[in-house]
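Contents: one structure, followed by commentary.
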Amino acid sequence: MNKTLGLLAEFENPATLMNAAEKFREAGYKTFDCHSPFPIHGMDEAMGLKRSPIGYIVGAMAVTGAALGIGIQYYASVVAYPHIISGKPFFSWQAYVIITFALFILLGAFAAVIGMLKINGLPRFYHPVFYSDNFKKFSDDGFFVSVESDDPAFDIDKTKAFMDSVGGKNIEVLEGE
């Protein structure tokens, strides 16, 4: 049995898509998405999206990686095996820069990839818009807004009428299992 997963509406150009995004945000929709074949400057603000926390996550993990690199090398050369090598002091930080930098980059990169996947809810192997034949042209010349049925403001008739009122064309009910 198929159930309603959401609605999809096509818009003529980036300006009408931007205007529609602002109208959807003002109307109280939360789980809507705008689809465009290219990035549109200002779309995040029009949709009411907050700044991504990924930069803070990457920064924290990168600093953790650097601290881990310094800490491991300090422990090995000062605590566990305190040997004087070539007349250098036990903690000769200049020799530790390479490993510290490598762990800084490594943990930062892992945090970026894992954080991005987690924040974006990926991997998601399906999306309601994939059931639409009309949506196939989004990567070429289509501009779409999709509203998922789990949105608190979603009502199939009211949402369809709202999409029509903001300039949506080819409004399609997305159904699936």
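The values are calculated or read from the model by the stated rules, or taken from the named source; none is laboratory data. Being a predicted model, the structure only gives us computed values, none of them experimental. Cβ sites come from the backbone with ideal geometry, for glycine too, and all protein chains shown count toward neighbours.
Considering segment 1-41 alone, what residues qualify as being of a type in the set (Val, Ile, Thr) and touching a helix residue (DSSP H, G or I) at 6+ places or on another chain (Cβ under 9 Å)?
As a first pass, look at segment 1-41 and keep what is of a type in the set (Val, Ile, Thr): 4, 16, 31, 40.
Passing the criteria: Thr4, Ile40.
Answer with yes or no whether Glu22 is among the acidic types (Asp, Glu) and either surrounded by 13 or more Cβ atoms within 10 Å (Cβ to Cβ) or in contact with an Asp or Glu (Cβ under 6 Å, 6 or more places away or on another chain) (or both). Before you say what the answer is, go through the steps one by one.
On the way: among the acidic types (Asp, Glu): yes; either surrounded by 13 or more Cβ atoms within 10 Å (Cβ to Cβ) or in contact with an Asp or Glu (Cβ under 6 Å, 6 or more places away or on another chain) (or both): yes.
Spelling it out, Glu22 is indeed among the acidic types (Asp, Glu) and either surrounded by 13 or more Cβ atoms within 10 Å (Cβ to Cβ) or in contact with an Asp or Glu (Cβ under 6 Å, 6 or more places away or on another chain) (or both).
Give the number of residues within segment 150-162 that are touching a helix residue (DSSP H, G or I) at 6+ places or on another chain (Cβ under 8 Å) and buried (at least 18 other Cβ atoms within 10 Å of the Cβ).
So the count comes out to 1.
Looking at Ile85, is it without any contact (Cβ under 8 Å) to a residue 12 or more places away in the chain and among the hydrophobic types (A, V, I, L, M, F, W, C)?
yes
Per-residue answers, yes or no, for (1) touching a Ser or Thr at 6+ places or on another chain (Cβ under 7 Å); (2) farther than 30 Å from Asn13 by Cα; (3) outside the structural domain of Trp93 (by TED's automatic domain parsing):
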| position | (1), (2), (3) |
| --- | --- |
| Thr31 | no, no, yes |
| Pro37 | yes, no, yes |
| Gly42 | no, no, yes |
| Ala46 | no, no, yes |
| Ala62 | no, yes, no |
| Gln73 | no, yes, no |
| Val79 | no, yes, no |
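Considering each of Ile105, Ile119 in turn, give the residue that is within 30 Å of Phe11 (Cα to Cα), among the β-branched types (Val, Ile, Thr), out of contact with any Phe, Trp or Tyr (no Cβ under 6 Å at 6 or more places or on another chain) and in contact (Cβ under 8 Å) with a residue 40 or more places away in the chain.
After applying the criteria, what remains is Ile119.
Of the residues in segment 118-147, how many are on the phi > 0 side of the Ramachandran plot and touching a helix residue (DSSP H, G or I) at 6+ places or on another chain (Cβ under 9 Å)?
Qualifying residue count for the region: 0.
From Asp151, Asp141, grab the single residue that is in contact with a Lys or Arg (Cβ under 6 Å, 6 or more places away or on another chain) and not hydrophobic (A, V, I, L, M, F, W, C).
None of the other options fit; the residue is Asp151.
Out of the residues in segment 125-177 that are hydrophobic (A, V, I, L, M, F, W, C) and part of a loop (DSSP other than H, G, I, E, B), which is farthest from Arg25 (Cα to Cα)?
Phe125
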